[in-house]
Structures are given as structure tokens and as C-alpha cells.
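Q: Quick one: the structure is below, and I'll ask about it shortly.
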Amino acid sequence: MPPATGGGLAESELRSRRGRCGPQAARAAGRDVATEAAARSPKRPARGSQRFEAAGRWALLALVTLLSFATRFHRLAEPRHICWDETHFGKMGSYYINRTFFFDVHPPLGKMLIGLAGYLSGYDGTFLFQKPGDKYEHHSYMGMRGFCAFLGSWLVPFAYLTVLDLSKSLSAALLTAALLTFDTGCLTLSQYILLDPILMFFIMAAMLSMVKYNSCANRPFSAPWWFWLSLTGVSLAGALGVKFVGLFIILQVGLNTIADLWHLFGDLSLSLVTVGKHLTARVLCLIVLPLALYTATFAVHFMVLSKSGPGDGFFSSAFQARLSGNNLHNASIPEHLAYGSVITVKNLRMAIGYLHSHRHLYPEGIGARQQQVTTYLHKDYNNLWIIKKHNTNSDPLDPSFPVEFVRHGDIIRLEHKETSRNLHSHYHEAPLTRKHYQVTGYGINGTGDSNDFWRIEVVNRKFGNRIKVLRSRIRLIHLVTGCVLGSSGKVLPKWGWEQLEVTCTPYLKETLNSIWNVEDHINPKLPNISLNVLQPSFPEILLESHMVMIRGNSGLKPKDNEFTSKPWHWPINYQGLRFSGINDTDFRVYLLGNPVVWWLNLLSIALYLLSGSIIAIAIQRGAQLPAEVAGLSQVLLRGGGQVLLGWTLHYFPFFLMGRVLYFHHYFPAMLFSSMLTGILWDTLLRLCAWGLASWPLARGIHVVGILSLLLGAAYSFYLFHPLAYGMVGPLAQDPQSPMAGLRWLDSWDF
Amino acid sequence: MWGFLKRPIVVTADINLSLVALTGMGLLSRLWRLTYPPAVVFDEVYYGQYISFYMKRIFFLDDSGPPFGHMVLALGGYLGGFDGHFLWNRIGAEYSSNVPVWSLRLLPALAGALSVPMAYQIVLELHFSHCAAMGAALLMLIENALITQSRLMLLESVLIFFNLLAVLSYLKFFNCQKHSIKYMGMFTYVLMLAVAAVHAWHLIGDQTLSNVCVFCHLLARAVALLVIPVVLYLLFFYVHLILLFRSGPHDQIMSSAFQASLEGGLARITQGQPLEVAFGSQVTLRNVFGKPVPCWLHSHQDTYPMIYENGRGSSHQQQVTCYPFKDVNNWWIVKNPGRHQLVVSSPPRPVRHGDMVQLVHGMTTRSLNTHDVAAPLSPHSQEVSCYIDYNISMPAQNLWRLEIVNRGSDTDVWKTILSEVRFVHVNTSAVLKLSGAHLPDWGYRQLEIVGEKLSRGYHESMVWNVEEHRYGASQEQRERERELHSPAQVDVSRNLSFMARFLELQWKMLVLRSDDSEHKYSSSPLEWVTLDTNIAYWLHPRTSAQIHLLGNIVIWISGSLALAIYALLSLWYLLRRRRNVHDLPQDAWLRWVLAGALCAGGWAVNYLPFFLMEKTLFLYHYLPALTFQILLLPVVLQHISDHLCRSQLQRSVFSALVVAWYSSACHVSHTLRPLTYGDKSLSPHELKALRWKDSWDILIRKH
């Protein structure tokens, strides 16, 4: 492909629809459009003003970037207290600085970057980040906010370049950039210590590099091609490393790649070896590279977090042995279980926790009114149990008795150390899983009845063997009813302190829920052995932390009678999120999309579907379109289609999710939706201008249309900017408030 | 005109004897000893109840699907003259003589039997050989799980029948009607829509047709595939609601308005209430959300405890709760804040949207109040109480603004049953809300009512409707109490339109979630493909004769294999075609693609959605998908024989292998027969021998 050199009107029009390559390509494409624009104004000679046009394009990009940075960094320090989820992510940044281990449902990259930004900007990790509204005082928080705002500011130029590449039209790109710059929602979300700006940065970077390498398709294996392809891979790893939502952009790139390969495979001029090379390049850059980077972030994560912290209990005993400060770290405990030992029992299914009991009874009407038995994820004295023989009550720790080991198949009794009640089950239904039996603490000072007897069995073991601490996978079978002790993993209501339900299941299916291991083991009569042999390998750690994250994510279930944001609320901007402040004296920030922008986006999606299907049907019917219309249709169907796919992939999967959803989950989709709006209106206006070509002012339609959309977005931003930059004074319900006229929906409460 | 007298009357019948034979065998296998066992088998206990409801015309709600399937079963009961009197309480209960077991089980069995010849026709319509078609039908015939499932009062066989019918009719005329049995029927419907859409898209691209002609074609398809199913779907609900006009056990789930449209139940109470709520009206207020249980706004003499368990304090005023039972303490009087009287003036002054009201508790004459005190269980919300004047500096704040949520205009009148209203507290803008939490013992485990300060949008737990209503007439408290105790009586009858009732019923069916309880025989979709699970349906009370839902393992395994072969071969062909190597002639390729799209696609749409479902799943959910696998089997076999066997010798060897394989399937079917029909008591030893997989649960009596 020769570089664009201007030329006649028809030629430049045609060329502008074709692909370009690399960084020069961006310039070349832009130049094309510029020449096109130049060619339209008959007075200006195209060739002579080339240099000027190129400079103009760069200036425009710089302007867009500058405006984006200016809006994002304006009043960044306000408010000087914790807003919304800063309490989580700021806290997690501090954990990295303090190197204490914690658990979160998202992969670590985003929080690691926040921690790094804090570290580099002189934050020492001492602020507690306890709850929204806490003042930062002297703590340095601007580094972290600045970092997020920095990444968030790049969204606008990225969207600008993506649209420019897809539509080859400056005006479409400008429109998109304006919509995003002037959207109060994107602005608000970029100004705080949150994962979203980081996530969206990587999503848009992946989209941009994908579009770029697509337009390099005519120069495969060239340096820019490799550059954009591997940059796509890197951004994918970044997106997935911040939140699992990154999977959607991976899906999009994957679909695009499959279509691409399918196209190459059908090109009979390419040999199979060449196709194989293409395939290998993509496997390397889009699968191997991202996976390696993603794994590397976890490696760094585990390396940095080497101290014991609040997340320990979520992980298996073996995992905890690697954390310094944990009682299993460098610990030495007796190897074989013996009668009289004080133990904690941990469920083998991840993120269930320890067998636990406490001095609270099951409420009336829920089984027998006996002491609750639950599982609990945190370390606690109430997790301690004493293992005793079923038939004697003599103290086995009495030095006059010899040590007696517990063996596979023994009948035992488990006495709760703090309350001296026995682990007990009976024919009452369990509180939540009605088909299982209830498990309680029963008896006084260790004296109960025959329902306290359990047979201890090691999975896959023959009769009579000793039971190893941490290693042996044990089951506890209730002697009278024949059921197996297990945890259903369901969260008990308030009366159970939202710990997890423990039941005795009559269905003897072998699931991890009913398999336990012994973790802590205290027995003064036995010699201790070192536990360092237990250290898990890195793949095991990786797998385990993913299982825990997935369980954690699906555990975020909404409760009944609680307001939850529904996916259908989002595109219509039905309800915002309160970032800061409630009362009229507070400094209030409210996350809400700029309604003008959002409703325009919504309208555009409908309009796109309509116009897209009309054009598709016309083409399928074999209608002969004039060259210009055919070009515009291609932009609409190809470029628009790709962006629409992005919107679909980032929006509809939320309908299938059972977890709690929030308004801010829509923002990645909103970016795609804004790009679609840019492409659609530009193309429609051009079509309109073409259709009315006989009319003298037809060319003006396009300019006027784009200008009025730009001004509309800017004006609405002027109206709504207090939402993002903060407002004090009466609430909008109050007619005196300056925002009173802007409360267009009753559901907005700012 | 009398010409027929002059010529002989000739009837030329073209009877496909194999079709007749298949039908005959199908009937024989499905109808043989249909009344055995004369006891409730597995899910009959569940469907039987619904049949009884139909017979007694009692309204019920089942979230498993639209009512057509239940109506088919009930038709059997109707034809057999069943009066609905049977206690469907446990599996294995012997049927009493008034239960026409044969006719109840007849329709599913017929549907199961007719699926056999239908499979034959479908494969034939896909343009595969007569031999392949016979193969598909014979496989359907000996599939043990299909036999078991169609011999009982269960819906799967009817569902499979209509699935196949839809495929067949689309194939025959590109014109399909879809019936809804269970929502699983949707899957096949979606597949048919997709196939039809692809065909239509090709039609649009066919430039030999005129625009008008294409438009007519598309219109006809839209009518046949979209309009007719929707109309039929509505029709089923229409018949369902016409048939079930009496109130029953599921009333509570529905809204007051729906309940009032049923005979008996709430209608008996609300019949003839005055429509418009006026100042002075006595009302009961039901929460619209109704979760965790439907309940009414309630108050009683007891007060909130001074100090809660966790050390927080309360206002110590009279408790306001939500109570799930009818009670005289559920009555409230709508009072005009400007007047003292608690009676309706003459003429009555109706309450409108935006009016200020006080709600006075009927039995205690204290008025509903909320203030800036934390609620007992939801400390972020305000406590709601009935105001007691302790003469401390805590004034009454008992003014509420009425907001009608479903109003047509801003001057709408508050109507009993129909209006959904919110009460917004005037002083604090808190909204009266059911929090869903159960109060502790001091609140008699009733539900907590709070004032929600942050009124974030609309939620049903904040919305109330008047259920019982009358105009209060008694001036004196004594007299009023007597009045409250007596049932309301006036006369206006009010019926909901069909569409309103349909929409509500549909909505409730979609959102009603039966608690996903684990069942002894529940299984996960992954176990189905390889038949790693079974369901014990019935065990003879004395002998060890038993019925299991257990498939013919040879067919299941080879069906899955055929699917894998189909997928791999298709991928291979596709890649080769992309490189311009055409292994198959064009017509064979199109046949292969269409057969795959319908059979493999049918399997996928009937199977994969189960991975997304959170409800309890059973092996029988896989049966519709299985039938599509069975249809695919002979297709793949014929394809291998026609296109992959290169010589006559190979072809003969392959045919011999197929025959051997089919004989082994027959053998397996015969071996498992005692567990399919349950007609033979096997010894423990024989039963053990049948337990081919460790995961199969076959019942062996211990003596």
C-alpha cells in the first residue's frame, strides 16, 4: 500500500476506506481524512496544505488528550476523605505496602498498581481506610488518586483513535471523544482510588491495539503488526489481571481473531505454512503472552504479600504455612492425631472455613434449641475442639495414661473447648438445607448422649491407621443416623452471625463439602515435627486462589428486601451511586452518567439496529449502492458492528450473573456505546448530506449536525458538572437547590 | 351428477407398512400393562395433585411450565371420569378404585408411542435412507428410559412428542407450530426460529424473487412461527384460567386483585366492598412484595423493649409489625388529620394521591408514627411505632402523605385492592417498608416494619394495597371494636381482565423460585451424558420388583459418540471446503448440514441451558436432548457407510458391525426390562449383577 499522497477527490475517497498500518498509518489515515476534508472545500489546494493538515491532526489529538486530562485532574484532591469503595481498594493498596496477606474477589494487578502508585508517591501504608467519610488528614493519597485519574484520562484519546481507525472520519472520532470527556459518570469514576479506571484503561488499550493490528492486515509480520498484536496481548493480560470482567474483552478479541484466521484460511493464495505462521503468531501473542503475564502478576502478588494478614482463613492450611506470622509458618506440631488433642477442623472445600461453635442457641422454631454449630472463616478460640473417646470421660492428658492415637474407624466425641459441649446431630431438619439434619452443640461439661458419637474415617484408607494432621482427608460419620458432617456453604441469617451452615447430610455422595482436615493440633505429650514439607507449589497456589476468588464472587448474593441495581437500569441511567455525602451540609459526589450523553447513546443503539438491518437487507437483496454510500455502509456495518459487539459482550452477560451488581459495572459497555454513537451519527449525517446533494446547503448538514451534538454534550456537562466535582447545599428535592431543575428522574437522589 | 353410480368407487390406499408396524410396536411397548403398578410412582405424586386441582377446578401455580402439559394430563383424568378425590401424599401409595389409572397414564403413553414412527418420518424427511429412518425408530423403541418415562403420568413424553412434531412439521412445510408443555419446550422453539431465520435470510438473498413475493414469504413465516405460537400460548392460559376459577392453596402468592377474582377465598371476604377509600374507612393493608411471607400491617398492645439485646435503646412505644395471618389487629382507620371523627362522612370524601392522612390502629386507636430512632433490626432505618404520649420531649409525628404508585393521573382516588400505594412520612420523608426480618421473641417473631429514609427508587417492599375495606360508622370505641370483629359486607364485584391475570400469573411463574433443595436422586448435567446416575421411581411394597429411570447404556454412549464424530467430521469438512476441497457432493453436504443443525442443534439447545440453571435437576431433564441424539445416530452411521467406506467390502463389514451393535443394544434393553416395567421381582444377586456402574442406585432389600 503506498502512503497517501492526496490526489483527486474520488481517489482519496476510495483510499480512505482501506486499511493503514502502524503509527504512520494512524497519521496516514488521519491525513487521508484531512485530505478528504480538504478535497471537499474546493478553494483549498489539497497537495499544498498536507503538512498543515498533519499538524492539525496532531493538534486535535493533543487537544482531546489535554482536555481529557484537564477535566480528570480538575479538583482531584476534593473531597479530602474516603469516598465509596476507596475504603476497599485504598486499604488493599496499604496491604501491599505493608506486605500483609489479604483476600479479595478480584485478581491482584489493579490493587498492586494502586499500592505501587501509593508507595512511589510517598504513602506509607499507615492510613486505616476504615469507612467512607474518614478524613485523610496528613496521609498522602494524591499519588493513588492521581494514578487512577492518569489512566482514566487515557480512555478518551484511546476511544478517539479507535473510532478514527474504524471510521476514518475525524468528526466521528471527535464526537466520541466529546461524549466521553463530557460524561460526568466516566469523569467521576476516574477520579477516585478504584479498580474501574485501571480496568477500562486496559480494555480500551486492548480494543485500540486490536483495531490497529486489524488495519495492518495487509502487512503481516511487519514490525508494527507484531507491535500491535503483542500490545493487544499485554492489554488483555492487564484487563483480566484487574477484574474478571476482563474476560469479555478477551472474548471479543478471540472472536475477532477466529474470524480473521477463518478469512486467512479461506484465502487460497496463502499457503498452509503461512496460515500456520499466522496461527502460531496469534497463539503466542494472544494466549501464551497474556497467560504468562497474568501468572506473573500472581507470582509478584504472592511474593509481595509474605506476611500473615486478614485473608489467611480463606485459604487452605498448606497455603497458610507460607505466610510469616501465621501460626502454621515454620510451625512444628505433632504429626499424628491422639486422644486429648486440641484441634481445629477445616473444611476442604475452599472458602468454607473452620468448624465453629459459640454460646448462642439456634432460635426457636429452627430445629432443637441447642447451641449453634457453624463454619467460620477467621481464626478464633471458638474453633478449638478436643477429641475424646466416646465412652470414657477420663482426662487423656493425665500423664499416668499412655498416649493413645486416634485411628481410622474409631468412634470419637468432639468437645467444644470453650463451651464444653459435644458436637451433636439428630433427626431435626437443618436450618437452611431442609433435607439435611441439624448439627448442634449438646451436653454439659462434655456429658451428652449417644447422638454425640461420630466415626472418624480417612478417605481412601484401610482400617486401623493413624490419622495425620493436615495431610489426612477425614470424614465424620454420625453413628446413630449414619449421616456425614458437612457444610452446605450457605450463609446463615443474622441469628447465626452470617457464618456458614453446618449440616449432617444423609446423602453419602463424596463431595469436598463433607471432607475435613485437622489444622492446628496441640498435644503436650507428643513430639512436634516441622511442617515445611507442606509448602505448596506455585501452580497449586494459583489454582487455589482462583477457586477462592470464584467462590467469593458467587458468594456476593443480594439479600431479600434489599435494593439492588438491575442491569436494565443501567443504560437508561435510572439510578446513580452515592460516592460521598448524604445530607445537605455534606460535600456530595454522585456517580451518574450525563443524561444527555447516555440517552443519546441509548437512542443510537436503537437507530443503529434499524439502519444497520435496512442496509444489510438492501445488500442481501443485491441493491446496487453508489460508491460513496457503499463505503459508508461498510463503515457502519464493519466498524459499528465491532463496537456493537463490544457493547453486547460487556453488557448482556450481567443478566446471567447471580451476584450483587452495581451501576458502575456498566461503564466498560458505556465506552463502546459512545463509540457506536460517534460512528453512527457521523455516518448518518454523511448519508443525509449525500441524499440531499441537490440542495445547496447539503454539505452543511454534516457540519452543523456534528457541531450541535458537540455543543449539546458540552452544555449538558456544564449543567451536570456539580455531580462529579462535588456540591454542597440543599438536596435536589428541595426547590431552593441549584440542582432542583436537573432532577429529571425521581430515582436520582443527589 | 349421479356419475358415481355409474363408475365403481375406488379407494387407493398407500400404506407404509413399516410405519404401521412401528406404530404398533410403539403402542405395544408403551401400553403393555399400563395400570401396573397400581400405586403412585415418583413424580406422579406431584402431577397427580395438579390433575386433582383441575378436576376440582381449584387454582394452583406451578413454576415448571405453562399449563398445556398439565391440561393434557387432566384431559386423561376427565375422560376417565376422575373426580379428583385422592390424597397425593407419598410415593408408593396404592391407588383407590376411583382413580382411573389407565386413562390417566394413557395420553403420555400414546405420545411416547407415537414418537417412534415420528422419528422414522423425521429422518426420512431429512432425505436419509429408509434404512436409517428405521434405525432411528427402532432405537427410540428400545430406549428403556423413554419407555419408563412415557408409561407414567409425567410430562416428558408429551414434551418430546411435540418437540418432534415441531421439527417434523417444519421439515414438511417449513411451517411449524409450537406448543408449550414445560419451559424446556422453548429451547426447541428457539432452534426452529434460528433455522427458519437462516432460511429466510437466504430467501432475501434470492434475487430471482420479486420484492413483493419475498415480503409475502416472510410474512407467512412470521405468522406461522411467531403469531400462532403466541396465540396458542395465550389460549392455553385462557383455558387454564377459565377452568380454574376456585381459590386454592397457592392464593397467597398472588396479588389481592388476582385472589379477589377467584371464587371463594379472598373474594368471599372482599366481595361487595366499597371501591373508593374515604376518610374514615377501615382497611387492612397488605404488603405487595410479600416476601418472605405475604403479610398485613399489624399492631398490638405490646411495646418495643426499652433496651435491645445488643444494648441499643428504643422509643418504648407500641410495636408495629407485619403479620402473616388474618387478625382483628390488622385493621387500620384512615383518618383526616383535620378532623377528629373516625367515621365516614356523608357523602364519603375519597382519599386522593398526595393527600395527607393519619393511620389509626383500630383496636388501640393509636396512630402510626415514625421518628428518628433506629429500627430494632435494621438500624439504618427509622423505627415505626404506634404513638404513645409519654409526655417526654418526643412529639407525635404521625402525618403520612399518600402516593399511589400505579396512578393514571395525579388526582387519582385510592381504590381498594387495585391501588398500590406508598406512605411517605411528612416530617422525615421516610417510606413505610417491610424489611423482611423476623423480630425476636418480644415481637412474637412477626416481621419488622421500618421507615426507609433513603428512598432509593421503587421497591415492592415499600408498596401496600388495601385488601379488606369498609366504611366505618361507629363513633364509640366499644362499638367500633365490635364492628371490626364483624366481617365486611357490601356489594360490588370486580373482575380482572384476562390479560391482567395472564400477565400476573406469567410473572409469578417466572420469578417464583422453589428453594433449590437437594434431592436424593438429583444429578448434575455432566452426569447425564454418560448415564452415571439413575432414579429409583418405585419399589414394590413387599417384593423387590422396582422401576427405575435408567437408560439403555449402549444407546447413550453411542449417541454421545455419534455427536462427537459429527462435530469432528463437520469441522474437518468445513476446513477442507474453506481450502476449496469438496469431499462431498453439494446435495450430500447440504443434507449433512441440515441434519446436523436440527439434531446436534436440538441436542445442544435442550442440554446446554441446564448448566446455567440453578434449580434441582434430574436425569429425566436430559430425555428431550437424548431423542435428538438418537435421531443423529443413524444419520452419522449412514454417512459413514455412504461416504467413508470406499469399497463394497468395507461397506458390508460396516453393515455387519452396525447389526451387531444394534443386537447388543436390544440385548441390553431386554436385560434392563425388569427395571423398566417393574413387573418381575429379581433376587438380590440378580439385582447386584445389574448394577453395572457403581454410581447406579439399585434398591436391594436387606432381609
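Q: Can you give me the number of residues within segment B:445-466 that are part of a loop (DSSP other than H, G, I, E, B) and within 11 Å of chain A (Cβ to nearest Cβ)?
A: 8
Q: Just to be sure I understand, how many residues within segment A:587-601 are more than 14 Å from chain B (Cβ to nearest Cβ) and touching a residue at least 40 places away in the same chain (Cβ under 8 Å)?
A: The number of residues fulfilling the criteria is 10.
Q: Would you mind stating whether A:His88 is under 22 Å from the mean Cα position of the chain (by Cα) and either at pLDDT below 90 or surrounded by fewer than 23 Cβ atoms within 10 Å (Cβ to Cβ) (or both)?
A: Against the criterion (under 22 Å from the mean Cα position of the chain (by Cα) and either at pLDDT below 90 or surrounded by fewer than 23 Cβ atoms within 10 Å (Cβ to Cβ) (or both)), A:His88 qualifies.
Q: Does A:Arg588 count as modelled with pLDDT under 90 and surrounded by fewer than 17 Cβ atoms within 10 Å (Cβ to Cβ)?
A: No: the conditions fail for A:Arg588.
Q: Condition check: closer than 23 Å to A:Leu348 by Cβ, more than 40 Å from the chain's Cα centre (by Cα) and more than 14 Å from chain B (Cβ to nearest Cβ). Does A:Asp380 satisfy that?
A: Spelling it out, it is not the case that A:Asp380 is closer than 23 Å to A:Leu348 by Cβ, more than 40 Å from the chain's Cα centre (by Cα) and more than 14 Å from chain B (Cβ to nearest Cβ).
Q: Follow-up question, since we're still on this one. Taking the criterion of being within 16 Å of A:Lys388 (Cα to Cα) and aliphatic (A, V, I, L, M), would at least one residue in segment A:418-436 satisfy it?
A: Checked segment A:418-436: at least one residue is within 16 Å of A:Lys388 (Cα to Cα) and aliphatic (A, V, I, L, M).
Q: Filtering segment B:650-694 down to residues that are touching a Leu at 6+ places or on another chain (Cβ under 9 Å) and not in a helix (DSSP H, G or I), which residue is surrounded by the fewest Cβ atoms within 10 Å (Cβ to Cβ)?
A: Result: B:Lys693.
Q: Does A:Phe244 satisfy being outside any helix (DSSP H, G or I) and either buried (at least 20 other Cβ atoms within 10 Å of the Cβ) or touching a residue at least 12 places away in the same chain (Cβ under 8 Å) (or both)?
A: yes
Q: Follow-up. Criterion first (of a type in the set (Ser, Thr, Tyr), part of a loop (DSSP other than H, G, I, E, B) and buried (at least 18 other Cβ atoms within 10 Å of the Cβ)) does A:Thr433 satisfy it?
A: So A:Thr433 fits the description; yes.
Q: I'm trying to understand the selection: among the residues of segment A:470-508, which are aliphatic (A, V, I, L, M), touching a Ser or Thr at 6+ places or on another chain (Cβ under 8 Å) and part of a loop (DSSP other than H, G, I, E, B)?
A: A:Leu470, A:Leu479, A:Val480, A:Leu492 - these are the residues of segment A:470-508 that are aliphatic (A, V, I, L, M), touching a Ser or Thr at 6+ places or on another chain (Cβ under 8 Å) and part of a loop (DSSP other than H, G, I, E, B).
Q: I've got another one for you. Which residue is farthest from the other protein chains (Cβ to nearest Cβ), if the candidates are limited to segment B:567-622 and must be outside any helix (DSSP H, G or I) and more than 28 Å from the chain's Cα centre (by Cα)?
A: B:Pro585
Q: Among residues belonging to segment A:659-694 that are hydroxyl-bearing (Ser, Thr, Tyr) and buried (at least 20 other Cβ atoms within 10 Å of the Cβ), point out the one that is nearest to the chain's Cα centre (by Cα).
A: A:Tyr666
Q: Does segment A:178-188 contain any residue that is outside any helix (DSSP H, G or I), surrounded by 24 or more Cβ atoms within 10 Å (Cβ to Cβ) and either in the same structural domain as A:Leu279 (by the TED database) or not hydrophobic (A, V, I, L, M, F, W, C) (or both)?
A: Checking segment A:178-188: at least one residue is outside any helix (DSSP H, G or I), surrounded by 24 or more Cβ atoms within 10 Å (Cβ to Cβ) and either in the same structural domain as A:Leu279 (by the TED database) or not hydrophobic (A, V, I, L, M, F, W, C) (or both).
Q: From the set of residues in segment B:403-443 that are assigned to a loop (DSSP other than H, G, I, E, B) and within 12 Å of another protein chain (Cβ to nearest Cβ), which is surrounded by the most Cβ atoms within 10 Å (Cβ to Cβ)?
A: B:Leu439
Q: In segment B:127-145, which residues are surrounded by fewer than 22 Cβ atoms within 10 Å (Cβ to Cβ) and either in contact with a Gly (Cβ under 8 Å, 6 or more places away or on another chain) or in a loop (DSSP other than H, G, I, E, B) (or both)?
A: B:His127, B:Ser129
Q: Look through segment A:497-506, keep the residues that are within 22 Å of A:Trp454 (Cβ to Cβ) and of a type outside the set (Ser, Thr, Tyr), and return whichever of them is nearest to the other protein chains (Cβ to nearest Cβ).
A: A:Pro506
Q: Checking A:Gly612 against (1) within 13 Å of chain B (Cβ to nearest Cβ); (2) at pLDDT 90 or above; (3) in contact with a Gly (Cβ under 8 Å, 6 or more places away or on another chain), which test does it fail?
A: In the conditions (1) within 13 Å of chain B (Cβ to nearest Cβ); (2) at pLDDT 90 or above; (3) in contact with a Gly (Cβ under 8 Å, 6 or more places away or on another chain), A:Gly612 misses (1) alone.
Q: A follow-up question, please. Go through segment B:235-252 and count every residue that is at pLDDT below 75 and crowded, with 18+ Cβ neighbours inside 10 Å.
A: Residues that pass the stated criteria total 1.
Q: Is it true that A:Ile411 is away from chain B (no Cβ under 14 Å), exposed (fewer than 15 other Cβ atoms within 10 Å of the Cβ), within 18 Å of A:Ser472 (Cβ to Cβ) and over 43 Å from the mean Cα position of the chain (by Cα)?
A: Yes: the conditions hold for A:Ile411.
Q: For segment A:360-379, give me each residue that is in contact with a strand residue (DSSP E or B) (Cβ under 7 Å, 6 or more places away or on another chain) and either within 26 Å of A:Ser317 (Cα to Cα) or not in a strand (DSSP E or B) (or both).
A: Of everything in segment A:360-379, those that are in contact with a strand residue (DSSP E or B) (Cβ under 7 Å, 6 or more places away or on another chain) and either within 26 Å of A:Ser317 (Cα to Cα) or not in a strand (DSSP E or B) (or both) turn out to be A:Tyr362, A:Gly367, A:Ala368, A:Arg369, A:Gln370, A:Gln372, A:Val373, A:Thr374, A:Thr375, A:Tyr376.
Q: Any idea which residue in segment A:695-750 is nearest to A:Ala70 (Cα to Cα), counting only those that are under 31 Å from the mean Cα position of the chain (by Cα), hydroxyl-bearing (Ser, Thr, Tyr) and away from every other protein chain (no Cβ under 14 Å)?
A: A:Tyr725
Q: Kindly establish whether B:Ile553 is touching a strand residue (DSSP E or B) at 6+ places or on another chain (Cβ under 8 Å), away from chain A (no Cβ under 14 Å) and over 22 Å from B:His127 (Cα atoms).
A: So B:Ile553 does not fit the description; no.
Q: Taking the criterion of being at pLDDT below 90, in contact with a Ser or Thr (Cβ under 8 Å, 6 or more places away or on another chain) and away from chain B (no Cβ under 14 Å), would at least one residue in segment A:223-231 satisfy it?
A: no
Q: Next question. Assigned to a loop (DSSP other than H, G, I, E, B), buried (at least 16 other Cβ atoms within 10 Å of the Cβ), more than 12 Å from chain A (Cβ to nearest Cβ) and modelled with pLDDT under 85: which single residue out of B:Ala488, B:Ala473 fits that description?
A: Answer to the selection: B:Ala488.
Q: When you check A:Asp267 against the structure, is it of a type outside the set (Lys, Arg), in contact (Cβ under 8 Å) with a residue 12 or more places away in the chain, within 30 Å of B:Asn580 (Cβ to Cβ) and within 14 Å of chain B (Cβ to nearest Cβ), yes or no?
A: The answer is no for A:Asp267.
Q: Look at A:Ala321 and say whether it is touching a helix residue (DSSP H, G or I) at 6+ places or on another chain (Cβ under 8 Å), outside the structural domain of A:Phe244 (by the TED database) and more than 26 Å from A:Phe244 (Cα to Cα).
A: Taking the combined requirement at face value, the residue satisfies it.
The values are calculated or read from the model by the stated rules, or taken from the named source; none is laboratory data. Since we're looking at a predicted model, the values are computed, not measured. As a convention, Cβ positions derive from the backbone with ideal geometry for all residues, glycine included, and neighbour counts pool all protein chains shown.
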